[in-house]
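A.B. asks: To start, I am sharing the structure in question, which I have written as structure tokens.
The values are calculated or read from the model by the stated rules, or taken from the named source; none is laboratory data. Being a predicted model, the structure only gives us computed values, none of them experimental. Here the Cβ is made from the backbone with ideal geometry for all residues, glycine too, and neighbour counts use every protein chain on show.
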Amino acid sequence: MDKLILDHVLDHEAQLAERVYLTQPVGGGQVVDYTWGQVVGEARRMAAHLQSQGLPRGARVAILSKNCAHFIMAELAIWLGGYTTVAIFPTETAQTIRYVLEHSESSLLFVGKLDTWPAQQPGVPAGLPCIAFPLAPPETKGAMESWDDIVARTPPLPGRPARGADELAMIIYTSGSTGTPKGVMNSFGAFSRAAELIAEDVRQRVGSQAEHRMISYLPLAHSFERSWVEGASLVDGRGHLFFAETLASFIEDVKRARPTLFISVPRLWLKFQQGVFAKMPKAKLDRLLGIPILGRIVAKKVLAGLGLDQVVSAGSGSAPLPPELIRWYRRLGLRLVEGYGMTEDNSYSHSSRIDDPQANEPGYVGVPMKGVEVKLSPEGEVLVKSPGQFSGYYKQPELTAASFTEDGFFRTGDLGERRPNGLLRITGRAKELFKTAKGKYVAPAPIENLLLAHPMVESCMVSGVGQPAAYALVVPAEDLRPRLAGDTDLRSRFEAEMAALFERVNGQVADYEQLAMVVIQGEAWSIEAGTLTPTMKIKRSRIEANVAPRVDGWYASGQRVLWA
Ligand code: AMP
């Protein structure tokens, strides 16, 4: 019988009881360490409490919290008790929180670290029992039971509670870039297989003996962090997970963790780079990096400034990473690779292999990971069968059936091209394609990658459904944005850069993909405004809806570079 995730966890509790697994900042630079013995000990007590509440086996229990040690303890308590986790993004609105809690019929909610709880609280249905983590907002005090009180008075659940491979470990509501969230059901079998295979893959990258350190800051409610950071560390046992205190202290938090493994998403890789350029202009840095010996020292300093100088393996996923960006990090000496996966396969699908030139090319997302089968449909859609495959969309059997081919491959909705050795390039999203009046489908992602290669561009979106030609919306880099309004020189320089970029991009794309204009948008897109998903992918439909009233005017102006 294959081991499942709880078997690994209970083995670590027995064999690594004194080893520190989690480090949680608790304010003012102070941290609390939790050993495996403590983590599983608290989870056992909370599991016993959940059972004492009479929740039936398989009941859904929700977590609404930023990443913290108690997120992991709560998930273990849910699993040990016999239940299924529904983790909600901590940035979600009251409306979506209510939708997810009601759709999943959650029986209880853990409330954790949150920035906007008073605005979110109305999304919690009246009468739903809630339990506050130690780091929950002050408004929860007295309004609900506290984790610490329950753990202090409840004896631990004894023995080795086990779950079946087909039981549901979690339902992940995908934020999606369109429509209402779908509940992706992940069984213990699929999550455990994905986590084991990821742990094995990571071991190959970092070496079998080394202890490794990670900082957990991408939302745990999302499959990428859940599988690659939580899942893999629960299997491996020798990973030490650190959490971040606040957004403002992030770099300090990273420096405390000195991560050996670090995963992120393209938008953040870009932001870290722009932080570096804000301190030293790109041209100067390029020059210094080109000088023998000194270049190495400078590169090491730049990585140390980001807290990434101990990183042995770095990864990017969840959206396309511009090839220029990956090359820039590699020039600094960071072993950054791109991977590809999705909630529906527990984020276990493709990854690049840095030491194998055949499986590692910027612009490509890598080769299938062990046990993953892939093929392309006649239309070029990527079809995947992964050991981490989900069991279906919760309460949506028809959508589930339509998502699989007859031979059991998941229709990813992504368009791709494959080299004979399996190296995959994602060329777009089937449903992102749009037609301009030129009548041919435009895939926006590759054009956006060309625009994002410019150091002054933080994010962008290419659109233009039914218009004479496509347009690009660009958001200037963070350090420029506040100055552009008042500094006319900077403004003209930025406009000139965008005009040159416009020409450059149009020189590189097909006739039907030519941009009609570059529109500069002074305000950044954000999760709070609903224009970015919780993993910071752009929400195209939302941004398109926001600018819709102005688009015709842009085309009528005939300008090539203009302000939104
Ligand atoms: P999610 O379920 O939120 O993880 O979203 C999965 C989707 O993200 C995939 O179907 C792709 O459209 C996209 N995605 C993930 N990784 C990449 C990548 N490396 N390049 C391009 N798109 C990606």
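A.B. asks: Of the conditions (1) away from the ligand (no atom under 16 Å from the Cβ); (2) surrounded by fewer than 20 Cβ atoms within 10 Å (Cβ to Cβ); (3) touching a residue at least 12 places away in the same chain (Cβ under 8 Å), Pro138 clears all except one; give me its number.
C.D. replies: Among (1) away from the ligand (no atom under 16 Å from the Cβ); (2) surrounded by fewer than 20 Cβ atoms within 10 Å (Cβ to Cβ); (3) touching a residue at least 12 places away in the same chain (Cβ under 8 Å), the lone unmet condition for Pro138 is (3).
A.B. asks: Now for a separate question. Which ranges mark the strands (runs of 3 or more DSSP E) fully within region 53-116 that have 1 or more residues being farther than 19 Å from Leu247 by Cβ, hydroxyl-bearing (Ser, Thr, Tyr) and touching a helix residue (DSSP H, G or I) at 6+ places or on another chain (Cβ under 8 Å)?
C.D. replies: Per the criteria, 84-88.
A.B. asks: Among Leu234, Leu241, Leu247, which is part of a loop (DSSP other than H, G, I, E, B) and either away from the ligand (no atom under 16 Å from the Cβ) or not charged (D, E, K, R) (or both)?
C.D. replies: So the residue among Leu234, Leu241, Leu247 that is part of a loop (DSSP other than H, G, I, E, B) and either away from the ligand (no atom under 16 Å from the Cβ) or not charged (D, E, K, R) (or both) is Leu247.
A.B. asks: Same structure, new question: Report, ordered by the first and then the second residue, all pairs with beta carbons closer than 8 Å, sequence separation of six or more or different chains, a first member in region 407-422 that is assigned by TED's automatic domain parsing to the domain that holds Thr343 and over 15 Å from Pro368 (Cα atoms), and a second member that is of a type in the set (D, E, K, R) and away from the ligand (no atom under 12 Å from the Cβ).
C.D. replies: Gly408/Lys385; Leu415/Glu379
A.B. asks: Could you pull out every one of the strands (runs of 3 or more DSSP E) wholly within region 268-385 that has 2 or more residues that are surrounded by 17 or more Cβ atoms within 10 Å (Cβ to Cβ)?
C.D. replies: Of the strands (runs of 3 or more DSSP E) lying wholly inside region 268-385, those with at least 2 residues that are surrounded by 17 or more Cβ atoms within 10 Å (Cβ to Cβ) span 313-316, 336-340, 381-385.
A.B. asks: Further question on the same structure: Restricting region 331-384 to residues that are more than 15 Å from the ligand (Cβ to nearest atom) and of a type in the set (Gly, Ala, Ser), which is farthest from Asp201 (Cα to Cα)?
C.D. replies: The residue in question is Gly333.
A.B. asks: Mind listing whichever residues of region 440-455 are more than 16 Å from the ligand (Cβ to nearest atom) and buried (at least 18 other Cβ atoms within 10 Å of the Cβ)?
C.D. replies: Of everything in region 440-455, those that are more than 16 Å from the ligand (Cβ to nearest atom) and buried (at least 18 other Cβ atoms within 10 Å of the Cβ) turn out to be Val442, His454, Pro455.
A.B. asks: Another one. Of all residues being acidic (Asp, Glu) and more than 9 Å from the ligand (Cβ to nearest atom) in region 391-435, which is surrounded by the fewest Cβ atoms within 10 Å (Cβ to Cβ)? Just the residue, please.
C.D. replies: Going through the qualifying residues, I end up with Glu406.
A.B. asks: So for region 354-369 (the condition being touching an Asp or Glu at 6+ places or on another chain (Cβ under 7 Å), of a type outside the set (Val, Ile, Thr) and in contact (Cβ under 8 Å) with a residue 40 or more places away in the chain), does at least one residue qualify?
C.D. replies: yes
A.B. asks: Filter the strands (runs of 3 or more DSSP E) completely within region 123-194 down to those with at least 1 residues that are closer than 20 Å to Lys395 by Cα, among the aromatic types (Phe, Trp, Tyr) and within 23 Å of the chain's Cα centre (by Cα).
C.D. replies: 168-174
A.B. asks: In region 514-533, what residues are in a loop (DSSP other than H, G, I, E, B) and either surrounded by fewer than 19 Cβ atoms within 10 Å (Cβ to Cβ) or more than 15 Å from the ligand (Cβ to nearest atom) (or both)?
C.D. replies: Gln514, Gln521, Gly522, Glu523, Ala524, Trp525, Ser526, Ile527, Glu528, Ala529, Gly530, Thr531
A.B. asks: Test Ala516 against the stated conditions and say whether it is in the same structural domain as Ile447 (by TED's automatic domain parsing) and touching an Asp or Glu at 6+ places or on another chain (Cβ under 7 Å).
C.D. replies: In short, no.
A.B. asks: Next up: Which condition number in (1) within 16 Å of the ligand (Cβ to nearest atom); (2) closer than 20 Å to Ala210 by Cα is the one that Val312 fails?
C.D. replies: The failed condition is (1).
A.B. asks: Against the condition away from the ligand (no atom under 16 Å from the Cβ), within 15 Å of Leu76 (Cα to Cα), not β-branched (Val, Ile, Thr) and not in a loop (DSSP other than H, G, I, E, B), how does Ser227 come out, does it pass?
C.D. replies: So Ser227 fails the test.
A.B. asks: Further question: Got at least one residue in region 502-513 being among the basic types (Lys, Arg) and surrounded by 13 or more Cβ atoms within 10 Å (Cβ to Cβ)?
C.D. replies: Among the residues of region 502-513, at least one is among the basic types (Lys, Arg) and surrounded by 13 or more Cβ atoms within 10 Å (Cβ to Cβ), which makes the answer yes.
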